[in-house]
Amino acid sequence: MSFFLVFLGSGTSQGVPIIGKEYPPAFLANPKNHRTRPSIYVATEQVKFVVDTTPEFRIQILRENIRWLDAVLFTHAHADHIMGLDDCRRFCDLLGGKPLPVYASEATMDNLRRVFNYAFLSKVIPKGYFAPEPHVFDGPFVLGDLEITPMDLPHGPVTTTGFLFRQGGKKRLAYLSDCKEVPPPVIEQVQGVEVAVLDALRRDPHPSHMCLDEALTAARRIGAERTYFTHLTHDFDHDLAQAELPPRVEFAFDGLRVDIV
């Protein structure tokens, strides 16, 4: 059973480097320090999809030479996670003009309908434009050979969605981005997963994201075979920061492919 993910983006809401800031030449020379907004691509032999569509979605998709999507999943409706959705129009073309399935919680779907009302409210979508097929989840659902369990995560004043992906009964991947903590019921659900992806925004505490120490604590409690940190600010000079991490824990970077076998 094949399963892999690609980090389309690993940066925070402003990306790295941010606008109007000077950086040491050595920092900018490392391509792993150039971070677009956070999203992943997941592929098995039966299904291909992304989680979130960032403002750089088109650039990310071209960079990774992704030519097909069966669906889009959303964690929440903040701008850094949804503003590339209209670029999915090309995948509607590749689907033969069919709508592209979009999966989200009720609250997130309501916001998608508001922001992209021209797509969600139109009765007939002209060829060449984005046509969504909305799916509101309130429990586990299936895509291809994956059983997907959505889980609520606290993210400041909003609730985001984390996802646990099972394949053949095995806990393959837990994607837990944009959260202040991983609540005990979620830790219990994902314990022993093969790969965990966790929010680790910066070194200092933040009101709606896990900082590095909080992410390390969550990683220990989850006990994944491998853990990757994402949604990263420029606090982390990749190679130097990576040297500080314990075994089986890594900072993600744009374009990183993780094979789960």
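Annotations for the structure displayed:
- Ranking S13, Q189, C179 by how far each Cα lies toward the positive end of the dipole of the chain (charges on Cβ) leaves S13 at the top.
- Expressed as a whole percent, the accessible surface of segment 76-212 that belongs to carbon and sulfur atoms is 52, based on a 1.4 Å probe.
- Loop-located GluC sites (Glu not before Pro) in segment 1-76 (DSSP state not H, G, I, E or B) with no more than 13 neighbouring Cβ atoms inside 10 Å: E22, E45.
- Net charge of Cβ neighbours under 10 Å - reference G128; Lys, Arg +1; Asp, Glu -1: +2
- Dipole axis of the chain (+1 Lys, Arg; -1 Asp, Glu on Cβ), positive-most option in P157, I59, I222: I59
- Helix 212-222 axis, angle to the chain major axis (alpha carbon atoms, nearest 10°): 70
- Electrostatic dipole magnitude of segment 1-73 [Cβ: Lys, Arg +1; Asp, Glu -1; Cα centre; debye, to 20]: 160
- Annotated for the chain: lysine pairs at least 8 residues apart or interchain, Cα distance under 26 Å, count 10.
- Its Cα gyration tensor gives the chain an equivalent ellipsoid, and the semi-axes of that ellipsoid, as √(5λ) in whole Å with the largest first, are 28, 21, 18.
- Loop-resident sites, segment 64-142, for trypsin sites (Lys or Arg not before Pro), counting at most 16 other Cβ within 10 Å (DSSP): R67, K123, K127
- Looking at the chain, the accessible area is 45 square angstrom per residue; that uses a 1.4 Å probe and ignores ligands, DNA and RNA.
- 5 angstrom amide H check on T160, placed H, neighbours 5+ away: L153, H155
- Proportion of all alpha-carbon pairs of segment 189-260 beyond 15 Å (%): 50
- DSSP beta bridge pairing in segment 163-206, given as percent antiparallel to the nearest 5: 55
- Nearest 10 degrees, 0 to 90: helix 106-115 Cα axis against the chain principal axis: 70
- For segment 153-261, applying the loop criterion from DSSP together with a ceiling of 15 other beta carbons within 10 Å to the trypsin sites (Lys or Arg not before Pro) yields R203, R248.
- Rounded to the nearest 20, the size of the Cβ-charge dipole of the chain about its Cα centre is 600 debye, with Lys and Arg at +1 and Asp and Glu at -1.
- Cβ-based charge dipole, the chain, positive-most Cα from V261, P205, G96: G96
- Prolate/oblate/rounded label for segment 77-134 (Cα gyration tensor, a/c 1.5): prolate
- Euclidean distance between Cα centres, segment 168-204 to segment 30-47, Å: 17
- Sites F141 and I59, calculated FRET efficiency, Cβ-Cβ separation with R0 30 Å, nearest 0.05: 0.55
The values are calculated or read from the model by the stated rules, or taken from the named source; none is laboratory data. Just so you know, these numbers come straight off a predicted model, no measurement behind them. We place every Cβ from the backbone using ideal geometry, glycine too, and count neighbours over all the protein chains shown. Only protein heavy atoms, including side chains, enter the accessible area calculation; ligands, DNA and RNA are left aside. Shrake-Rupley method; radii C 1.70, N 1.55, O 1.52, S 1.80 Å.
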